[in-house]
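Here the structure is laid out as C-alpha coordinates; the discussion comes afterwards.
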Amino acid sequence: MLNYDEANEIIENEFRNINLTKEEVDLLDSLNRVLSDDIFADLNLPQFNNSTVDGYAVKYNPVISEWKIIGEITAGNYNEIDLDDNSAVLIMTGSKIPSSCNTIIPIEDVTVENGFVKFIDNAKFKFGQNVRKKGEDILVNELAVQKGTRILPQHISLLAACGQNKIKVYKQLMIGVLATGDELVDIDTFPENDKIRATNHYTLLAMIKQQNMIPINFGFVKDSKCGIKNRIESALNSDIDILLTTGGVSVGKFDYVKEIIQELGVEIKFWKANIKPGKPIVFGVYQKENKTKFVFGLPGNPVSSFVNFIFFVQNNMKKLYGIDEQKVKARLISELNKEDNKRHFIRGSLKMNDASNQYTVSSVCSQSSGNMVGMSKANCLIIFEEGKNHLTVGEIVECIMI
Ligand code: AMP
Ligand code: MG
(Lines give C-alpha, C1' and ligand atoms only; values in the text may rest on other atoms or scores of the structure.)
(Ligands and ions follow the chains in the order given, each with its own letter.)
Protein backbone atom coordinates (compact mmCIF):
# COMPACT_ATOMS: atom_id res chain seq x y z
CA MET A 1 0.00 0.00 0.00
CA LEU A 2 1.23 3.49 -0.81
CA ASN A 3 2.12 5.73 2.08
CA TYR A 4 0.77 9.26 2.26
CA ASP A 5 3.65 10.96 0.46
CA GLU A 6 3.65 8.45 -2.40
CA ALA A 7 -0.10 8.71 -2.91
CA ASN A 8 0.02 12.48 -2.69
CA GLU A 9 2.84 12.72 -5.21
CA ILE A 10 0.76 10.82 -7.74
CA ILE A 11 -2.08 13.31 -7.35
CA GLU A 12 0.29 16.28 -7.41
CA ASN A 13 1.86 15.08 -10.65
CA GLU A 14 -1.51 14.45 -12.26
CA PHE A 15 -2.81 17.86 -11.17
CA ARG A 16 0.08 19.47 -13.05
CA ASN A 17 -1.85 18.57 -16.20
CA ILE A 18 -4.68 20.87 -15.18
CA ASN A 19 -4.53 23.84 -17.46
CA LEU A 20 -5.38 26.80 -15.26
CA THR A 21 -7.00 29.30 -17.55
CA LYS A 22 -7.47 32.92 -16.66
CA GLU A 23 -10.45 35.19 -16.70
CA GLU A 24 -11.11 38.81 -15.96
CA VAL A 25 -13.59 39.75 -13.26
CA ASP A 26 -14.81 42.95 -11.65
CA LEU A 27 -12.74 44.07 -8.69
CA LEU A 28 -15.34 43.08 -6.09
CA ASP A 29 -15.90 39.70 -7.71
CA SER A 30 -12.20 38.96 -7.35
CA LEU A 31 -12.66 38.54 -3.59
CA ASN A 32 -11.31 35.11 -2.57
CA ARG A 33 -10.16 34.36 -6.10
CA VAL A 34 -6.52 33.72 -6.93
CA LEU A 35 -4.69 36.47 -8.77
CA SER A 36 -3.18 35.14 -12.00
CA ASP A 37 -0.94 38.07 -12.95
CA ASP A 38 1.29 40.36 -10.91
CA ILE A 39 -0.21 43.80 -10.35
CA PHE A 40 2.11 46.80 -10.37
CA ALA A 41 1.42 50.21 -8.89
CA ASP A 42 0.36 52.73 -11.53
CA LEU A 43 1.25 55.60 -9.19
CA ASN A 44 3.22 56.44 -6.08
CA LEU A 45 1.42 55.84 -2.81
CA PRO A 46 0.96 58.29 -1.31
CA GLN A 47 0.98 60.38 -4.42
CA PHE A 48 1.96 63.56 -2.57
CA ASN A 49 3.40 64.50 0.80
CA ASN A 50 0.45 64.72 3.14
CA SER A 51 -0.46 65.17 6.76
CA THR A 52 -1.19 62.24 9.08
CA VAL A 53 -3.03 64.49 11.54
CA ASP A 54 -5.21 67.55 11.81
CA GLY A 55 -2.71 70.23 12.72
CA TYR A 56 -0.49 73.06 11.56
CA ALA A 57 1.99 72.76 8.73
CA VAL A 58 5.22 74.64 9.36
CA LYS A 59 8.78 74.90 8.17
CA TYR A 60 10.83 73.20 10.86
CA ASN A 61 12.94 75.55 12.93
CA PRO A 62 13.72 74.31 16.46
CA VAL A 63 14.01 77.77 17.97
CA ILE A 64 10.58 78.90 16.86
CA SER A 65 7.46 77.95 18.79
CA GLU A 66 4.90 80.48 17.61
CA TRP A 67 3.58 81.04 14.09
CA LYS A 68 1.09 83.32 12.35
CA ILE A 69 -1.74 81.35 10.73
CA ILE A 70 -1.82 82.41 7.10
CA GLY A 71 -4.26 79.94 5.57
CA GLU A 72 -5.88 76.53 5.63
CA ILE A 73 -5.89 73.43 3.50
CA THR A 74 -8.41 70.60 3.66
CA ALA A 75 -8.15 67.18 2.01
CA GLY A 76 -8.79 67.48 -1.70
CA ASN A 77 -8.66 71.30 -1.63
CA TYR A 78 -5.00 72.14 -1.99
CA ASN A 79 -3.71 75.58 -2.60
CA GLU A 80 -0.05 76.41 -2.79
CA ILE A 81 0.82 78.70 0.08
CA ASP A 82 4.32 79.98 0.51
CA LEU A 83 5.39 79.88 4.15
CA ASP A 84 8.31 81.44 5.92
CA ASP A 85 9.71 80.28 9.28
CA ASN A 86 7.15 82.30 11.22
CA SER A 87 3.97 81.26 9.43
CA ALA A 88 1.76 78.17 9.63
CA VAL A 89 -1.16 76.71 7.70
CA LEU A 90 -4.05 74.89 9.32
CA ILE A 91 -4.09 71.50 7.62
CA MET A 92 -6.41 68.48 7.81
CA THR A 93 -5.53 64.78 7.80
CA GLY A 94 -4.66 63.55 4.31
CA SER A 95 -4.26 67.05 2.90
CA LYS A 96 -1.39 67.78 0.55
CA ILE A 97 1.33 69.76 2.29
CA PRO A 98 2.60 73.03 0.80
CA SER A 99 6.02 72.43 -0.73
CA SER A 100 7.59 74.98 1.60
CA CYS A 101 6.54 72.95 4.72
CA ASN A 102 8.06 69.80 6.11
CA THR A 103 6.56 69.29 9.57
CA ILE A 104 3.05 69.13 11.06
CA ILE A 105 2.23 69.98 14.63
CA PRO A 106 -0.92 68.19 15.86
CA ILE A 107 -3.85 70.40 16.79
CA GLU A 108 -3.83 68.82 20.27
CA ASP A 109 -0.32 70.19 20.93
CA VAL A 110 -1.03 73.87 20.32
CA THR A 111 -2.98 76.83 21.59
CA VAL A 112 -4.48 79.32 19.17
CA GLU A 113 -4.93 82.97 19.98
CA ASN A 114 -5.40 86.11 17.87
CA GLY A 115 -4.46 84.40 14.63
CA PHE A 116 -1.32 82.89 16.14
CA VAL A 117 -0.64 79.26 16.95
CA LYS A 118 1.69 78.36 19.79
CA PHE A 119 3.35 75.07 20.69
CA ILE A 120 2.35 73.93 24.21
CA ASP A 121 5.45 71.80 24.62
CA ASN A 122 8.24 72.66 22.24
CA ALA A 123 10.22 69.53 23.24
CA LYS A 124 7.83 67.54 21.10
CA PHE A 125 8.89 69.43 17.98
CA LYS A 126 10.61 67.03 15.55
CA PHE A 127 11.64 67.56 11.99
CA GLY A 128 9.33 65.82 9.52
CA GLN A 129 6.82 64.71 12.13
CA ASN A 130 3.33 63.68 10.96
CA VAL A 131 4.20 63.79 7.29
CA ARG A 132 3.49 60.88 4.99
CA LYS A 133 6.04 61.10 2.24
CA LYS A 134 5.21 60.70 -1.43
CA GLY A 135 5.91 57.11 -2.50
CA GLU A 136 6.80 55.86 0.98
CA ASP A 137 4.27 52.99 0.76
CA ILE A 138 4.97 51.99 -2.82
CA LEU A 139 6.63 53.57 -5.82
CA VAL A 140 5.12 53.67 -9.28
CA ASN A 141 5.82 50.42 -11.18
CA GLU A 142 6.67 48.48 -8.02
CA LEU A 143 4.97 45.13 -7.42
CA ALA A 144 1.73 45.77 -5.53
CA VAL A 145 0.04 42.36 -5.36
CA GLN A 146 1.80 39.17 -6.36
CA LYS A 147 0.23 36.58 -8.61
CA GLY A 148 -0.92 33.54 -6.66
CA THR A 149 -2.37 35.74 -3.91
CA ARG A 150 -5.79 34.75 -2.68
CA ILE A 151 -7.51 38.11 -2.89
CA LEU A 152 -8.80 39.30 0.47
CA PRO A 153 -10.34 42.67 1.39
CA GLN A 154 -6.88 44.06 2.23
CA HIS A 155 -5.76 43.28 -1.33
CA ILE A 156 -8.96 44.76 -2.76
CA SER A 157 -7.96 47.99 -1.02
CA LEU A 158 -4.57 48.12 -2.72
CA LEU A 159 -5.93 46.97 -6.08
CA ALA A 160 -8.50 49.74 -5.93
CA ALA A 161 -5.78 52.25 -5.03
CA CYS A 162 -3.87 51.09 -8.11
CA GLY A 163 -6.92 51.73 -10.28
CA GLN A 164 -7.60 48.08 -11.08
CA ASN A 165 -11.30 47.71 -11.76
CA LYS A 166 -10.89 44.45 -13.71
CA ILE A 167 -8.78 41.73 -12.18
CA LYS A 168 -7.21 38.74 -13.87
CA VAL A 169 -7.78 35.62 -11.83
CA TYR A 170 -7.50 31.90 -12.39
CA LYS A 171 -10.69 30.18 -13.39
CA GLN A 172 -12.30 28.21 -10.60
CA LEU A 173 -12.31 24.45 -10.91
CA MET A 174 -15.72 22.86 -11.13
CA ILE A 175 -15.96 20.02 -8.65
CA GLY A 176 -18.84 17.57 -8.59
CA VAL A 177 -19.90 15.54 -5.59
CA LEU A 178 -21.92 12.31 -5.59
CA ALA A 179 -22.68 10.32 -2.45
CA THR A 180 -23.54 6.62 -2.55
CA GLY A 181 -25.22 4.34 -0.03
CA ASP A 182 -28.46 2.41 0.50
CA GLU A 183 -28.67 3.79 4.01
CA LEU A 184 -28.87 7.43 2.96
CA VAL A 185 -31.95 9.62 3.25
CA ASP A 186 -32.39 13.31 2.61
CA ILE A 187 -31.66 15.65 5.49
CA ASP A 188 -35.25 16.89 5.52
CA THR A 189 -36.36 13.36 6.38
CA PHE A 190 -36.16 11.79 9.83
CA PRO A 191 -34.11 8.61 9.33
CA GLU A 192 -36.07 5.50 10.34
CA ASN A 193 -34.59 2.12 11.32
CA ASP A 194 -31.14 1.69 9.82
CA LYS A 195 -31.17 4.79 7.63
CA ILE A 196 -28.95 7.81 8.20
CA ARG A 197 -29.08 11.35 6.89
CA ALA A 198 -26.77 11.84 3.93
CA THR A 199 -24.28 14.41 5.17
CA ASN A 200 -21.08 13.86 3.21
CA HIS A 201 -22.04 15.64 0.05
CA TYR A 202 -22.95 18.73 2.09
CA THR A 203 -19.59 18.63 3.86
CA LEU A 204 -17.67 18.25 0.63
CA LEU A 205 -19.71 20.87 -1.21
CA ALA A 206 -19.05 23.23 1.69
CA MET A 207 -15.33 22.53 1.55
CA ILE A 208 -15.30 23.17 -2.19
CA LYS A 209 -17.16 26.40 -1.59
CA GLN A 210 -14.72 27.38 1.15
CA GLN A 211 -11.89 26.94 -1.34
CA ASN A 212 -13.87 29.18 -3.65
CA MET A 213 -14.15 26.52 -6.31
CA ILE A 214 -17.46 25.76 -8.01
CA PRO A 215 -19.40 22.99 -6.25
CA ILE A 216 -21.74 20.85 -8.33
CA ASN A 217 -24.19 18.76 -6.35
CA PHE A 218 -24.96 15.36 -7.89
CA GLY A 219 -26.87 14.34 -4.76
CA PHE A 220 -26.84 10.77 -3.57
CA VAL A 221 -27.65 7.40 -5.09
CA LYS A 222 -28.39 3.92 -3.79
CA ASP A 223 -25.85 1.10 -3.84
CA SER A 224 -27.02 -0.33 -7.14
CA LYS A 225 -24.28 -0.91 -9.64
CA CYS A 226 -26.39 0.28 -12.51
CA GLY A 227 -27.67 3.37 -10.68
CA ILE A 228 -24.22 4.46 -9.55
CA LYS A 229 -22.77 3.85 -12.99
CA ASN A 230 -25.39 6.01 -14.69
CA ARG A 231 -24.85 8.86 -12.25
CA ILE A 232 -21.06 8.75 -12.47
CA GLU A 233 -21.23 8.53 -16.25
CA SER A 234 -23.39 11.61 -16.54
CA ALA A 235 -21.19 13.42 -14.03
CA LEU A 236 -18.11 12.59 -16.11
CA ASN A 237 -19.89 13.85 -19.20
CA SER A 238 -20.65 17.19 -17.56
CA ASP A 239 -18.30 20.17 -17.43
CA ILE A 240 -16.70 19.26 -14.13
CA ASP A 241 -12.94 19.08 -13.67
CA ILE A 242 -12.98 16.82 -10.63
CA LEU A 243 -15.51 14.30 -9.38
CA LEU A 244 -15.69 13.30 -5.75
CA THR A 245 -17.76 10.32 -4.73
CA THR A 246 -18.28 9.12 -1.18
CA GLY A 247 -18.98 5.62 0.03
CA GLY A 248 -18.54 2.26 -1.60
CA VAL A 249 -14.78 2.21 -2.11
CA SER A 250 -13.87 -0.25 0.58
CA VAL A 251 -14.04 -4.04 0.47
CA GLY A 252 -17.69 -4.44 1.48
CA LYS A 253 -20.25 -6.36 -0.50
CA PHE A 254 -21.71 -3.29 -2.25
CA ASP A 255 -18.50 -1.34 -2.67
CA TYR A 256 -18.79 -0.88 -6.43
CA VAL A 257 -17.30 2.52 -7.06
CA LYS A 258 -13.80 1.47 -8.04
CA GLU A 259 -15.08 -1.22 -10.40
CA ILE A 260 -17.60 1.16 -11.95
CA ILE A 261 -15.19 3.97 -12.64
CA GLN A 262 -12.80 1.48 -14.19
CA GLU A 263 -15.57 0.21 -16.46
CA LEU A 264 -16.28 3.79 -17.45
CA GLY A 265 -12.71 4.24 -18.61
CA VAL A 266 -11.18 5.91 -15.57
CA GLU A 267 -7.56 4.89 -15.19
CA ILE A 268 -6.98 4.00 -11.55
CA LYS A 269 -3.77 5.58 -10.28
CA PHE A 270 -3.98 4.16 -6.79
CA TRP A 271 -6.39 2.52 -4.39
CA LYS A 272 -5.80 2.75 -0.66
CA ALA A 273 -3.25 4.83 1.18
CA ASN A 274 -1.56 3.98 4.44
CA ILE A 275 -3.41 6.64 6.43
CA LYS A 276 -6.08 6.91 9.09
CA PRO A 277 -8.78 7.95 8.62
CA GLY A 278 -9.39 7.70 4.88
CA LYS A 279 -7.48 4.59 3.88
CA PRO A 280 -9.77 3.20 1.15
CA ILE A 281 -9.48 6.26 -1.12
CA VAL A 282 -9.29 5.54 -4.85
CA PHE A 283 -7.86 8.05 -7.29
CA GLY A 284 -8.16 7.89 -11.05
CA VAL A 285 -7.85 9.92 -14.21
CA TYR A 286 -10.47 10.14 -16.94
CA GLN A 287 -9.47 11.33 -20.36
CA LYS A 288 -12.03 12.28 -22.98
CA GLU A 289 -11.72 14.48 -26.04
CA ASN A 290 -8.55 16.19 -24.83
CA LYS A 291 -10.10 16.97 -21.49
CA THR A 292 -8.70 15.37 -18.35
CA LYS A 293 -10.90 14.86 -15.32
CA PHE A 294 -9.90 13.53 -11.96
CA VAL A 295 -11.94 11.15 -9.90
CA PHE A 296 -11.59 10.71 -6.16
CA GLY A 297 -13.58 7.85 -4.70
CA LEU A 298 -13.66 8.78 -1.02
CA PRO A 299 -14.81 6.51 1.79
CA GLY A 300 -18.24 7.04 3.31
CA ASN A 301 -17.21 7.74 6.84
CA PRO A 302 -17.73 11.48 7.33
CA VAL A 303 -14.35 12.16 8.91
CA SER A 304 -12.54 10.02 6.34
CA SER A 305 -13.89 11.90 3.36
CA PHE A 306 -13.31 15.21 5.16
CA VAL A 307 -9.66 14.37 5.86
CA ASN A 308 -9.14 12.93 2.39
CA PHE A 309 -10.43 16.12 0.88
CA ILE A 310 -8.05 18.31 2.90
CA PHE A 311 -4.93 16.27 2.37
CA PHE A 312 -5.42 15.05 -1.16
CA VAL A 313 -7.78 17.42 -2.96
CA GLN A 314 -7.47 20.77 -1.21
CA ASN A 315 -3.73 20.77 -0.65
CA ASN A 316 -2.98 19.81 -4.23
CA MET A 317 -5.41 22.36 -5.52
CA LYS A 318 -3.65 25.00 -3.43
CA LYS A 319 -0.29 23.92 -4.80
CA LEU A 320 -1.66 24.21 -8.29
CA TYR A 321 -2.75 27.79 -7.62
CA GLY A 322 0.49 28.55 -5.79
CA ILE A 323 -1.18 29.07 -2.41
CA ASP A 324 0.74 28.04 0.68
CA GLU A 325 -0.55 25.30 2.91
CA GLN A 326 -1.35 26.65 6.37
CA LYS A 327 0.74 24.56 8.73
CA VAL A 328 1.15 25.50 12.37
CA LYS A 329 3.68 24.07 14.79
CA ALA A 330 2.29 23.44 18.25
CA ARG A 331 3.32 21.90 21.56
CA LEU A 332 1.41 18.76 22.47
CA ILE A 333 -0.38 18.93 25.79
CA SER A 334 -1.81 15.41 25.69
CA GLU A 335 0.16 12.36 24.63
CA LEU A 336 -0.74 10.50 21.46
CA ASN A 337 -0.38 6.79 20.83
CA LYS A 338 -1.06 4.49 17.91
CA GLU A 339 -0.28 0.88 17.23
CA ASP A 340 -0.16 0.74 13.45
CA ASN A 341 2.28 2.18 10.97
CA LYS A 342 -0.19 4.47 9.23
CA ARG A 343 -0.03 8.24 9.10
CA HIS A 344 -2.79 9.45 11.38
CA PHE A 345 -4.58 12.74 11.12
CA ILE A 346 -5.74 13.49 14.62
CA ARG A 347 -8.56 15.90 15.17
CA GLY A 348 -7.14 18.46 17.54
CA SER A 349 -7.90 21.57 19.46
CA LEU A 350 -5.27 24.23 18.91
CA LYS A 351 -4.94 27.24 21.20
CA MET A 352 -2.54 30.11 21.58
CA ASN A 353 -0.93 29.93 24.99
CA ASP A 354 -0.60 33.55 26.08
CA ALA A 355 2.03 32.84 28.72
CA SER A 356 4.47 31.09 26.39
CA ASN A 357 3.27 32.83 23.22
CA GLN A 358 3.20 29.41 21.60
CA TYR A 359 0.46 27.23 20.18
CA THR A 360 -0.55 24.23 22.22
CA VAL A 361 -2.62 21.36 20.92
CA SER A 362 -4.49 18.39 22.29
CA SER A 363 -6.60 15.77 20.59
CA VAL A 364 -10.36 16.07 20.81
CA CYS A 365 -12.13 13.26 22.62
CA SER A 366 -13.30 10.96 19.86
CA GLN A 367 -11.12 9.96 16.93
CA SER A 368 -13.73 7.65 15.39
CA SER A 369 -13.95 8.20 11.64
CA GLY A 370 -17.72 8.29 11.88
CA ASN A 371 -17.90 10.91 14.61
CA MET A 372 -19.08 14.23 13.23
CA VAL A 373 -19.46 15.65 16.73
CA GLY A 374 -15.76 15.16 17.50
CA MET A 375 -14.92 16.61 14.10
CA SER A 376 -17.07 19.66 14.79
CA LYS A 377 -15.08 20.34 17.98
CA ALA A 378 -11.74 20.27 16.21
CA ASN A 379 -10.01 23.29 14.71
CA CYS A 380 -6.98 21.45 13.37
CA LEU A 381 -5.63 18.10 12.27
CA ILE A 382 -2.46 16.95 13.97
CA ILE A 383 -0.10 15.01 11.75
CA PHE A 384 1.05 11.82 13.47
CA GLU A 385 3.53 10.33 11.06
CA GLU A 386 4.04 6.74 10.06
CA GLY A 387 7.09 5.30 11.81
CA LYS A 388 6.08 6.85 15.13
CA ASN A 389 3.84 5.22 17.71
CA HIS A 390 4.14 7.57 20.61
CA LEU A 391 4.18 11.34 20.88
CA THR A 392 4.89 12.65 24.34
CA VAL A 393 3.59 15.76 26.08
CA GLY A 394 5.79 18.71 25.14
CA GLU A 395 6.69 17.47 21.66
CA ILE A 396 6.27 19.89 18.78
CA VAL A 397 3.85 18.64 16.16
CA GLU A 398 2.64 19.94 12.85
CA CYS A 399 -1.02 20.84 12.52
CA ILE A 400 -3.19 21.87 9.62
CA MET A 401 -5.87 24.41 10.45
CA ILE A 402 -9.40 23.38 9.54
P1 AMP B 1 -18.82 3.00 3.15
O2 AMP B 1 -17.57 3.74 2.81
O3 AMP B 1 -19.84 3.04 2.07
O4 AMP B 1 -18.50 1.62 3.61
O5 AMP B 1 -19.45 3.76 4.38
C6 AMP B 1 -18.76 3.87 5.60
C7 AMP B 1 -19.61 4.52 6.65
O8 AMP B 1 -19.94 5.83 6.27
C9 AMP B 1 -20.93 3.83 6.90
O10 AMP B 1 -21.20 3.87 8.28
C11 AMP B 1 -21.92 4.68 6.15
O12 AMP B 1 -23.21 4.59 6.68
C13 AMP B 1 -21.35 6.05 6.32
N14 AMP B 1 -21.72 6.92 5.21
C15 AMP B 1 -21.65 6.58 3.90
N16 AMP B 1 -22.05 7.58 3.10
C17 AMP B 1 -22.39 8.59 3.93
C18 AMP B 1 -22.91 9.91 3.71
N19 AMP B 1 -23.11 10.40 2.50
N20 AMP B 1 -23.15 10.67 4.79
C21 AMP B 1 -22.92 10.19 6.03
N22 AMP B 1 -22.43 8.96 6.30
C23 AMP B 1 -22.18 8.16 5.26
MG1 MG C 1 -21.56 1.98 1.69
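Rolling a 1.4 Å probe over the protein chains gives Arg331 an accessible area of about 90 Å².
Let me have the 222 nm mean residue ellipticity of the chain computed from DSSP H runs of 4+ only, each contributing -39500 (n - 2.57), with the sum over all residues rounded to the nearest 500. Taking each H run of at least 4 residues, the total per residue is -5000 deg cm²/dmol.
Taking Cβ separations below 4.7 Å as the criterion for a possible disulfide partner, the isolated cysteines in the chain are Cys101, Cys162, Cys226, Cys365.
Would you please classify the overall shape of the range 327-401 from the alpha carbon gyration tensor, given that a ≥ b ≥ c denote the square roots of the eigenvalues, rounded means a/c under 1.5, and beyond that prolate means a/b larger than b/c while oblate covers the rest? Here the range 327-401 falls in the oblate category. Check the straight Cα-Cα distances from Lys318 and name the aspartates and glutamates below 13 Å, setting aside those fewer than 8 residues away within the same chain. Of all the aspartates and glutamates, those that pass the test against Lys318 - Cα under 13 Å, at least 8 places apart if same chain - are Glu12. Heavy-atom accessible surface of the chain, averaged per residue, reaches 49 Å², computed with a 1.4 Å probe. Inter-label distance, Ser234 to Glu6: 3.9 nm, where each label sits 7 Å from its Cα along the C-beta direction. Applying 0.36 nm per residue to the separation of Glu24 and Asp85 and subtracting their alpha-carbon distance, the gain on full extension is 16.7 nm. Over all Cα atoms in the range 192-287, the spread is summed up by Rg and Dmax: 13.7, 41 Å. Estimated at the nearest 10 Å², the accessible area of Arg197 is 100 Å² with a 1.4 Å probe.
Here Lys147 is the anchor, and the aspartates and glutamates within straight C-alpha reach of less than 17 Å, apart from those fewer than 8 places off in the same chain, are Glu23, Glu24, Asp26, Asp29, Asp37, Asp38, Asp42, Asp324, Glu325. When each of the peptides 303-310, 350-357 is scored by the mean number of other C-beta atoms lying within 10 Å of its residues, the order from highest to lowest reads 303-310, 350-357. Please enumerate, by chain and number, the lysines with C-alpha under 26 Å from the C-alpha of Lys388, excluding those fewer than 8 residues away in the same chain. Reachable lysines: Lys272, Lys276, Lys279, Lys327, Lys329, Lys338, Lys342, Lys351, Lys377. Within the shell of other residues whose beta carbon sits under 11 angstrom from the beta carbon of Asn315, the net charge comes to 0, with Lys and Arg scored +1 and Asp and Glu -1. Within the range 257-296, which residues have the backbone N less than 15 Å from the label spot 7 Å out from Asn13 along Cα→beta-carbon, could you tell me? Flagged as within label range: 268-271, 283-285. Counting only DSSP beta bridges with both residues in the range 50-132, what percent are antiparallel, rounded to the nearest 5? In the range 50-132, DSSP labels about 80 percent of beta bridges as antiparallel. Using C-alpha pairs below 8 Å separated by at least 6 residues, the relative contact order for the range 327-401 is 48 percent.
In the elastic network of the chain, a GNM with C-alpha springs shorter than 10 Å, the most mobile of Leu152, Leu336, Leu90 is Leu90. Calculate the length of the line joining the C-alpha centroid of the range 273-316 to that of the range 342-402, in whole Å. What the calculation gives is 22 Å, centre to centre. Within the shell defined by Cβ-Cβ distances under 11 Å, the residues around Asn341 carry a net charge of +1, with Lys and Arg each +1 and Asp and Glu each -1.
Peptide packing: for 104-113, 228-237, the average count of neighbouring Cβ atoms within 10 Å per residue gives the ranking 228-237, 104-113, highest mean first.
Springs between Cα atoms under 10 Å define the GNM used for the chain, and in it the highest mean-square fluctuation of Ala160, Ala206, Ala123 occurs at Ala123. For the chain, the relative contact order works out to 15 percent when only alpha carbon pairs closer than 8 Å and six or more residues apart are counted. Rounded to the nearest 5, the antiparallel percentage of DSSP beta bridges internal to the chain is 70%. Extending 7 Å from the Cα toward the beta-carbon at both Asn193 and Glu72 defines two label points whose distance is 8.3 nm. The ellipsoid equivalent to the alpha-carbon distribution of the chain has semi-axes of 60, 26, 18 angstrom, derived from the gyration tensor eigenvalues as √(5λ) and listed largest first.
The equivalent ellipsoid that matches the C-alpha gyration tensor of the range 50-132 spans semi-axes of 17, 13, 12 angstrom, in descending order.
The values are calculated or read from the model by the stated rules, or taken from the named source; none is laboratory data. Keep in mind that this is a model prediction, so the values were computed, not measured. With ideal geometry, Cβ positions are generated from the backbone for all residues, glycine too; neighbour counts draw on all protein chains shown. Surface areas here come from the heavy atoms of the whole protein model, side chains and all, with no ligands, DNA or RNA. Shrake-Rupley method; radii C 1.70, N 1.55, O 1.52, S 1.80 Å.
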